[in-house]
Amino acid sequence: MSENEVVVDGEVVHCIGCGAKVQTTNKDALGYTPKSALEKGLQNGEVYCQRCFRLRHYNEIAPVSLSDDDFLKLLTSISGTDSLIVYVVDIFDVNGSLIPGLHRFVGDNPVLLVGNKLDVLPASIKERKVRDWLRQRANSAGIRPIDVELISAKTNFDVDHLLDQIEKYRDGKDVYVVGVTNVGKSTLINAVIRQSTGIKELITTSRFPGTTLDRIDIPLNDGHSIVDTPGIIQPEQMAHHLVGKELNLVTPQKTIKPKIYQLNPEQTLFFGGVARFDYDSGDGKHGFTVYAENNLYIHRTKLENAEAFYEKHLGDLLSPPSENRKDDFPPLERHEFKTSQKSDVVIEGLGWVTVPSDVVVSGWAPKGVSVLIRPAMI
């Protein structure tokens with residue numbers, strides 16, 4: 001018995017909606033119920049976890065996370081089905097969005113790759129380039145998607161088209177929607193529910209008979225379902241190093257407005273305190289274009305002063321992280337690149353810097369967060 005489980009009269013309390021063991025300590029874990037809601041539920045004999053309560057009363061699916069082992073069990077069960085896999089990734093954190101070993105678990109099931117958060121990309125970026133790049137990243141991870149779709153679940157952009165594509169590719173099968181946390185999968189599922197049931201129609205657990213602690217089944221007209229699965233926690237995501245308002249300052253919220261910095265060799269740009277870019281060497285001054293959240297503070301300084309500057313100002317001028325979290329923030333790791341063509345240095349989860357050919361540059365990110373280089377998108 002877990003010390004977090006709620007026990008009444010010697011028995012563990014379960015959510016009557018999904019069967020999860022009720023707990024009041026971890027908001028991100030299965031079975032979470034606020035203490036005040038638990039007390040009311042125990043009085044009237046109907047204890048719902050927060051996830052099921054939101055589903056019943058607000059047409060809203062709250063994201064939940066499983067342990068790696070539980071998630072692998074779920075993936076293994078999917079491989080034994082005859083279904084379509086809809087794999088949702090974050091355009092700004094593709095590496096952090098990748099599920100390790102997914103190709104081994106989908107079996108012969110086709111995979112439809114969905115890049116979310118298209119709304120924050122500048123209009124000058126061609127969708128074809130984004131699709132091609134996403135396909136390449138998937139291929140490098142051993143996944144051969146049957147198609148690549150780009151959407152914005154937040155603004156509902158092209159969700160209708162995605163549903164049409166799902167209908168086309170599922171060919172009368174069930175659909176499993178998978179993805180790590182923080183990719184917008186729940187936002188997408190909520191959009192699907194709105195379009196499937198109508199925004200004003202109350203959704204109850206009885207309408208979703210497959211609502212269990214590890215999946216939510218959205219019935220389709222032919223007796224099959226779209227199955228929402230919990231997100232797996234991917235510790236390499238930039239988002240996992242941030243909390244609350246910090247996340248909004250780093251993760252692009254609206255369409256990015258590119259900023260051009262004229263840099264001399266041996267100059268540095270700090271992105272708050274969460275990332276860094278160095279122009280190490282090259283043939284004089286060049287323009288470097290930054291694509292990142294519009295409200296993120298960017299500070300320019302000399303490369304020779306960068307280490308001391310970071311140590312002195314992390315948590316105040318270089319924020320996020322905040323002052324009270326700077327000691328817990330992971331150290332930044334350096335990734336060096338020499339370009340032979342116009343390229344983008346991508347700091348996953350934050351954005352990228354477009355750099356000219358024939359320069360040596362470095363991208364810095366928290367330990368474990370990917371920094372990579374690709375041919376320039378623009």
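The values are calculated or read from the model by the stated rules, or taken from the named source; none is laboratory data. Bear in mind the structure is a predicted one, so any value in this text is a computation, not a measurement. Cβ coordinates were reconstructed from backbone atoms using ideal geometry, including for glycine residues, and neighbour counts include every protein chain displayed.
Kindly provide the set of residues from the stretch 343-359 that are surrounded by 15 or more Cβ atoms within 10 Å (Cβ to Cβ) and over 27 Å from H241 (Cβ atoms), ordered by number.
P356, V359, listed by residue number.
Right, G115: of a type outside the set (D, E) and at positive phi or not?
no
Answer yes or no: is there a residue in the stretch 313-335 that is modelled with pLDDT of 95 or more and among the aromatic types (F, W, Y).
No.
Check D316, D283 and return the single one that is acidic (D, E), assigned to a loop (DSSP other than H, G, I, E, B) and within 28 Å of M377 (Cα to Cα).
Numbers: D316 fails: within 28 Å of M377 (Cα to Cα).
Within the list D316, D283, the selection yields D283.
Across the stretch 117-151, which residue is surrounded by the most Cβ atoms within 10 Å (Cβ to Cβ) among those that are within 19 Å of the chain's Cα centre (by Cα) and of a type in the set (D, E, K, R)?
The selected residue is K117.
Yes/no matrix, rows are residues, columns are (1) part of a helix (DSSP H, G or I); (2) at pLDDT below 85; (3) in contact with a helix residue (DSSP H, G or I) (Cβ under 6 Å, 6 or more places away or on another chain):
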{"residue": "L163", "(1), (2), (3)": "yes, no, no"}
{"residue": "I193", "(1), (2), (3)": "yes, yes, no"}
{"residue": "S196", "(1), (2), (3)": "yes, yes, no"}
{"residue": "D217", "(1), (2), (3)": "no, yes, no"}
{"residue": "V227", "(1), (2), (3)": "no, yes, no"}
{"residue": "P235", "(1), (2), (3)": "no, yes, no"}
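Can we say T268 is outside any loop (DSSP other than H, G, I, E, B), β-branched (V, I, T), farther than 29 Å from D132 by Cβ and at pLDDT 95 or above?
In short, yes.
Identify the residue in the stretch 16-40 that is out of contact with any Gly (no Cβ under 6 Å at 6 or more places or on another chain), surrounded by 19 or more Cβ atoms within 10 Å (Cβ to Cβ) and within 13 Å of R51 (Cβ to Cβ) and, among all such residues, is modelled with the highest pLDDT.
T33
Quickly run through the stretch 238-248 and pick out the residues that are among the aliphatic types (A, V, I, L, M) and surrounded by 19 or more Cβ atoms within 10 Å (Cβ to Cβ).
Just the residues of the stretch 238-248 that are among the aliphatic types (A, V, I, L, M), to begin with: 238-239, 242-243, 247.
Selection gives M238, A239, L242.
Criterion first (out of contact with any Lys or Arg (no Cβ under 8 Å at 6 or more places or on another chain) and surrounded by fewer than 20 Cβ atoms within 10 Å (Cβ to Cβ)) does K154 satisfy it? Outline the logic, then answer.
Values: out of contact with any Lys or Arg (no Cβ under 8 Å at 6 or more places or on another chain): no; surrounded by fewer than 20 Cβ atoms within 10 Å (Cβ to Cβ): yes.
No, not satisfied.
Report the residue count in the stretch 160-183 for those that are buried (at least 19 other Cβ atoms within 10 Å of the Cβ) and either of a type in the set (S, T, Y) or closer than 30 Å to L242 by Cα (or both).
The total comes to 8.
Pick out the one residue from V183, V177 that is closer than 26 Å to H103 by Cβ, modelled with pLDDT of 70 or more and part of a loop (DSSP other than H, G, I, E, B).
V183
Please indicate, with yes or no, whether at least one residue in the stretch 329-346 is on the phi > 0 side of the Ramachandran plot and in contact with a strand residue (DSSP E or B) (Cβ under 8 Å, 6 or more places away or on another chain). It would help to see each step written out before you state the result.
Of the stretch 329-346, the ones on the phi > 0 side of the Ramachandran plot are none.
No, the conditions are met nowhere in the stretch 329-346.
What are the pairs, 6+ residues apart or on separate chains, where a residue within the stretch 112-138 that is more than 17 Å from T354 (Cα to Cα) has its Cβ under 6 Å from a residue that is hydrophobic (A, V, I, L, M, F, W, C) and part of a helix (DSSP H, G or I)?
Taking only residues 6 or more apart or on different chains, the pairs are L113/A138; G115/L134; R137/V94.
Regarding G231, is this residue small (G, A, S), in contact with a helix residue (DSSP H, G or I) (Cβ under 8 Å, 6 or more places away or on another chain) and modelled with pLDDT of 85 or more?
Working: small (G, A, S): yes; in contact with a helix residue (DSSP H, G or I) (Cβ under 8 Å, 6 or more places away or on another chain): yes; modelled with pLDDT of 85 or more: no.
Here the answer is no, as G231 does not meet what is asked.
In the stretch 237-265, which residue that is hydroxyl-bearing (S, T, Y) and in a loop (DSSP other than H, G, I, E, B) is nearest to the chain's Cα centre (by Cα)?
Taking the candidates together, the pick is T251.
Could you grab the pairs with beta carbons closer than 8 Å, sequence gap of 6+ or different chains, first residue in the stretch 161-188 and assigned by TED's automatic domain parsing to the domain that holds G115 and farther than 12 Å from V227 by Cβ, second one polar (S, T, N, Q) and assigned to a helix (DSSP H, G or I)?
From residues that are assigned by TED's automatic domain parsing to the domain that holds G115 and farther than 12 Å from V227 by Cβ, the pairs are L163/Q195; G179/S97; V180/S97; V183/S97.
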